[in-house]
Each structure stands twice: as structure tokens, then as C-alpha cells.
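Accompanying notes for the structure given below.
Just so it is clear, none of the values below were taken in a lab; they were calculated from the coordinates. What you see is a predicted model, and the numbers here were worked out from it, not measured in a lab. FYI the Cβ positions are ideal-geometry reconstructions off the backbone, even for glycines, and counts take in every protein chain you see.
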Amino acid sequence: MARAGSRREFGEISKLSSGRFQARYADPAGRTTESGGRLRHTAPHTFVTRGDAEAWLVDERRLLSSGTWTEPGRRNAEKHSATLQFGEYARRWLADRKVKGRPLADRTRDHYQDLLDRVILPTFEVTPLRDITPESVGRWYDDATPDRPTYRAHAYSLLRAIMRTAADPTKNSGQALIPFNPCGISGGGSSGAKRRIRPATAEEIAVIVANMPERHRLMVLLADGCALRFGELAELRRSDVDVKNAIIHVRRGVVRSRSAGVVAKTPKSDAGIRDVPIPPDIVDEVIEHKKLHAAPGLQGLMFPGVNGGHLSPSAFYGKVTTKRRGRTHRKGFGWYEARHVAGRDDLRFHDLRHGALTEAARHGATLAELMALGGHSTSQAAMRYQQAASSRLRELARRRAEARGWTDTNR
């Protein structure tokens, strides 16, 4: 609490209860606060002696007399921004970052932190923001993980986003921290050639399914037949699988992150909440799996882990058989072993989803129908077509089943 201050010709000095001194003065232009009071400018710090406070007021009046005065708060912010290091600002940026008004998803935050720790901070952590130039960004980009183009593209995109915020006065209390964004590499956020995905054939899927553990075989069939993601499958409950009407209600997915652990939550967008028809040629497998492998109760997991919780990726993916001196050293299991037996070591589990959507398109699915099947969204307009597409999706599932040799007599 400040004690009574001493009046001066210019400004005033107050002695605080701590024994230190505070200096301030009225706005030279006579501006007022929102409440109608006289706007005053206070020194950015307190002083040990009254003489120091007086010296600050003398300096402020000298700036006014010379016509070079600016608000003390603005000058202090500019001084701070001149020495603000990238590492300090990047950590603050990541902590405060929001997308569409919501904090970053846990996995996204973990990914950004990994990019900072591994790729960006080793070069720029102690570099002042104002000293990061297009040339230094270019040199960093040339040396940053050249053997991992996608990872480098992600790192560049993150650096560009951070520096764009630093250059935006609306994001920094009206004062840009840097004069412009130094990240101007054309195509820097793109990794160039994309990985080509060769969808699995019906024969390859059959081999993979036959070599999976029985409790996980249906996951392969549903990924290939319904375009479901691993996280969506791992969170499926008995109540989500309507065998009578051959529908899977996708309402949640499970995600894993270093910071939050295992979390089951709704999809990022409304498009992810959808009803997906089960191809008729695998309905019997769904019924059998429910009887033998799903956890009990309406909320029982369709694919529970060995401990009753969510299935872990490592338990599903497994390992490939290894050999020593021509003999089996360690027997493989899971997805990695099954795809190896099928001769498809290049096939990712997520590629099954890609294959399902590709097949749907081949059988005549419209863009809106593909979005509804895959839970994708790029605009609100596309969302409005999802309800209309639901019956069409069932017909598409039937056509794909027939293309694989299924007929009504099979059942």
C-alpha cells in the first residue's frame, strides 16, 4: 500500500509500505481512463531511493521536451521484445495456443513439443526473436532432418506459425514483437512426393485375417470394410454395434498421448460422429466376435485389452518373426507378422481405411458419401449431405461385399 506521495512540478513520487518508491505522471495529452479519471503513466519498476525515482521523472520530461516521448509501457515492451528469446516465446505460444477457441488436442500438443525439442529449439532456443532472419531460417531448413521430409515439413510449419503470431500486433497487446515473419520458404510446409498407398487385395486381406489372433481378426475386417480408424475400433462398445440393422455407431475414439495418457473422447468434428453400415459378408463374423471376445455388458469393449482396459497399439501390432542362423529365434504375432506373411510389409493398418474409401469411390460413391463414410469434413455444406447419404452407404457396402463374392445364399 502506497503512503502519501510528494507533489512535484512534473509527476509525483510515493513511498510504498515496502520502503521502495514509485513514480508516475499524468498523460501529457490529457487522456482519461474508461472510468473518466486522469490517465497516468507509472514507472515499469519501483526504486530503492527517492533520488532514483526523481531521476526517472527527469528523464521522462526530457523525452517530452525533445519530442521523442512514447508511453513507458510501450517502450518497456519494445525493450523486452528486442531481447525476448525464441525458446521462451515458443513455450508460451504452445501453452496459450487455441484452435477455433479450444486448446490444442493432447496429441497435437505432444507432437508440437516433440518438433520443438528435436528440430527447432536446438537451433533457435536462445536466439532473440528479432535476430531470426530469412537467411537463418533457410540454413536451418536445409540442415533439419533432410532424411525425414515429412517431419521437417511439420517442423517448418510450426516455426512459421509461431513467428506469424509474433509478427501480429493483435496477438501481442497491440505491439508486434518482430517486424515481419521470416519464414517465407515456398513449399516449406510440404514434404513433396506423398507416399503411394497400394490397397490390399481381397486375397491379401484374407491371409492377414487368418494370421491375426482370433480376438483381433474382426478389427482388420472392420477397418477394411467400414473405413474405421484404430482409435475408433479400440473404443467401440457392444452398444455401438447394431447387428440387427448391420450398423456401427461411431461416437467416440480413444487417443493416447504422453501428457494425458489414454483418453476416450468424441471426434474433433461433428462429421466424425456417424453411422457406418456393416458389409453383409462380415455380419456373421461380428456376431461371432461379440459372443466370444467382447467384454460383457452394453458398455463392454468390443476389443478389450488383456487387462480389461483399452487395447494398446503394441498388443495389436505385435512383432515380426526373427531368425538366427536360419532358425526361428522369436515367433512373431499380431499385425506386423500377419502382413509379413501376406507379403505386404509396406501396408499400414490405416491403409485399410484408405482402401475402403477408394473402393467405395470405385463403386460410385459421391464426395458427400465418402465424407460421410470416412467422417471427414472440409465445410459445413458437406455436412448437410450426410443424412441423405446414409441409405446410399448401405447400398455401397452391399456392392462391395458382392464384388468380393458374397451373395444372399452365403447366409
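For a straight C-alpha distance cut-off of 23 angstrom, the lysines reachable from Lys291 (same-chain residues fewer than eight places away being disregarded) are Lys244. In straight-distance terms, cross-link reach from Lys265 covers every one of the aspartates and glutamates whose alpha-carbon lies under 15 Å from its own, apart from those fewer than eight places away in the same chain; here that gives Asp106, Glu232, Glu235, Asp240. Backbone amide hydrogens, once placed in the peptide plane, bring Arg237 within less than 5 Å of Met302, excluding anything fewer than 5 places away on its chain. Going from the fewest other Cβ atoms within 10 Å to the most, the residues Asp110, Asp168, Asp345 appear in the order Asp345, Asp168, Asp110.
Listed by chain and number, the lysines whose alpha-carbon sits under 25 Å from that of Lys319, ignoring those within fewer than 8 places in the same chain, are Lys331. Remark on Gly332: its backbone amide H falls under 5 Å from those of Thr321, Thr322, a criterion applied only to residues 5 or more positions apart or on other chains, H modelled at 1.01 Å from N.
Assign unit charges at the C-beta atoms only (+1 for Lys and Arg, -1 for Asp and Glu), then state the dipole size of the range 6-69 relative to its Cα centre in Debye, rounded to the nearest 20.
Working: 11 positive and 8 negative charges, 32 e Å.
Magnitude of the dipole: close to 160 debye.
Seen from Arg237, the other residues with C-beta closer than 12 Å to its C-beta sum to a net charge of 0, counting Lys and Arg as +1 and Asp and Glu as -1.
When all alpha-carbon pairs of the chain are counted, what percent fall beyond 29 Å?
Numbers: 52757 of 84255 pairs.
Tail fraction, whole percent: 63.
Note that the range 105-111 has calculated 3J(HN,Hα) couplings of 5, 4, 5, 5, 4, 4, 5 Hz, one per residue in order, obtained from phi through the Karplus relation 6.51 cos²θ - 1.76 cosθ + 1.60 (θ = phi - 60°); glycine and proline are x.
Annotation: the residues Asp275, Asp59, sorted from fewest to most other C-beta atoms within 10 Å of their own C-beta, follow the order Asp59, Asp275.
State the answer as a single residue: which of Gly308, Asn245, Ser35 lies farthest towards the positive end of the charge dipole of the chain, with beta carbon charges of +1 for Lys and Arg and -1 for Asp and Glu, about the Cα centre. It is Gly308, whose Cα lies furthest towards the positive end.
Over the chain, dividing the summed -39,500 (n - 2.57) contributions of all DSSP H runs of at least 4 residues by the number of residues returns a 222 nm mean residue ellipticity of -12500 deg cm²/dmol. Charging the Cβ of each Asp and Glu at -1 and of each Lys and Arg at +1, and nothing else, the dipole of the chain about its Cα centre rounds to 580 debye.
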